[in-house]
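The values are calculated or read from the model by the stated rules, or taken from the named source; none is laboratory data. Just so it is clear, the model here is predicted, and its values are computed rather than measured. Every residue, glycine as well, gets a Cβ built from its backbone with ideal geometry; the counts of neighbours run over all protein chains shown. The accessibility values were calculated without ligands, DNA or RNA, using every heavy atom of the protein model including side chains. Shrake-Rupley method; radii C 1.70, N 1.55, O 1.52, S 1.80 Å.
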Amino acid sequence: MIRAKMLVSGLLGAVLLVASSAKAQEGFMRHEVGIQGTGFFTKDSQQNGTLQHSTGTGGFLVNYRFHINGWLAAEAGYGYDRNTQQNFTPGGNFGIQTNVHQATGALVVNIPVYVARMRPYVLAGAGALVFDPTGNPGGFVSGAQQQARAAFVYGGGVDYRLVRHVAVRLEYRGFVYNSPTYDIPQLANLDRITHRAEPSVGFGYRF
């Protein structure tokens with residue numbers, strides 16, 4: 001009899017636990033989309049008398065996050081900007097106006113700390129930066145080819161909740177990758193690691 005009561009109590013406890021967990025999940029919003037205005041600032045690359053300087057510029061970033069649980073999310077993102085790669089070589093100086101596309105995937109860790117509606121997070125992942133010459137007069141060099149570079153991305157930010165579904169987002173991302181050479185012989189010795197800083201501000205909508 002005692003064992004039967006214990007079994008019944010255990011089963012009831014399990015049912016209540018599952019029921020309470022299911023009820024908690026009902027209000028959990030797993031999906032989130034964001035749009036951010038971005039700035040881009042790239043470290044100069046220099047080797048053997050050749051210098052590559054990328055002009056600072058602005059762009060945008062859109063992303064989607066799937067929240068696995070309360071502290072972990074998976075993110076896919078796309079970003080765009082246009083700048084000019086200014087190249088100073090022993091054989092002459094030239095600039096290449098470039099559309100830069102970014103496609104990344106990352107894991108986002110939401111830090112379980114709320115302060116005045118603010119929740120911080122960190123992220124890390126990988127992806128690609130695609131450098132596509134525009135071909136516009138004054139910003140094009142014959143032979144310059146579209147080039148993709150693998151990139152490591154890291155960063156962090158904070159979401160400030162305005163209402164239940166909407167938050168203002170302040171974020172920083174860093175990209176580590178090899179400088180573009182556009183398959184131009186004059187830039188072959190610039191195939192080396194560089195860094196791009198990407199601060200941004202925007203909005204997130206969770207549902």
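State yes or no: is Arg173 open to solvent by 30 Å² or more (accessible area, probe 1.4 Å) and in contact (Cβ under 8 Å) with a residue 12 or more places away in the chain? So Arg173 fails the test.
Of everything in the range 94-115, what is in contact (Cβ under 8 Å) with a residue 24 or more places away in the chain and not in a strand (DSSP E or B)? Give them in sequence order. Step through it out loud before you land on a result.
Our first condition is that a residue be in contact (Cβ under 8 Å) with a residue 24 or more places away in the chain; within the range 94-115, this holds for 94-112.
Result: Ile111, Pro112.
Screening the range 44-93 for strands (runs of 3 or more DSSP E) wholly inside it with 3 or more residues that are touching a Ser or Thr at 6+ places or on another chain (Cβ under 9 Å), within 20 Å of Val158 (Cβ to Cβ) and without any contact (Cβ under 8 Å) to a residue 12 or more places away in the chain returns no ranges.
Which residues, taken from the range 122-181, are small (Gly, Ala, Ser) and either more than 13 Å from the chain's Cα centre (by Cα) or outside any strand (DSSP E or B) (or both)? Selection gives Gly135, Gly138, Gly139, Ser142, Gly143, Ala144, Ala148, Ala150, Ala167, Ser179. Scanning the range 138-153 for residues being under 14 Å from Val100 (Cβ atoms) and open to solvent by 90 Å² or more (accessible area, probe 1.4 Å) gives a total of 1. Among the residues of the range 74-109, those that are open to solvent by less than 10 Å² (accessible area, probe 1.4 Å) and more than 13 Å from the chain's Cα centre (by Cα) comprise Asp81, Asn83, Gln85, Asn87, Ile96, Thr98, Val100.
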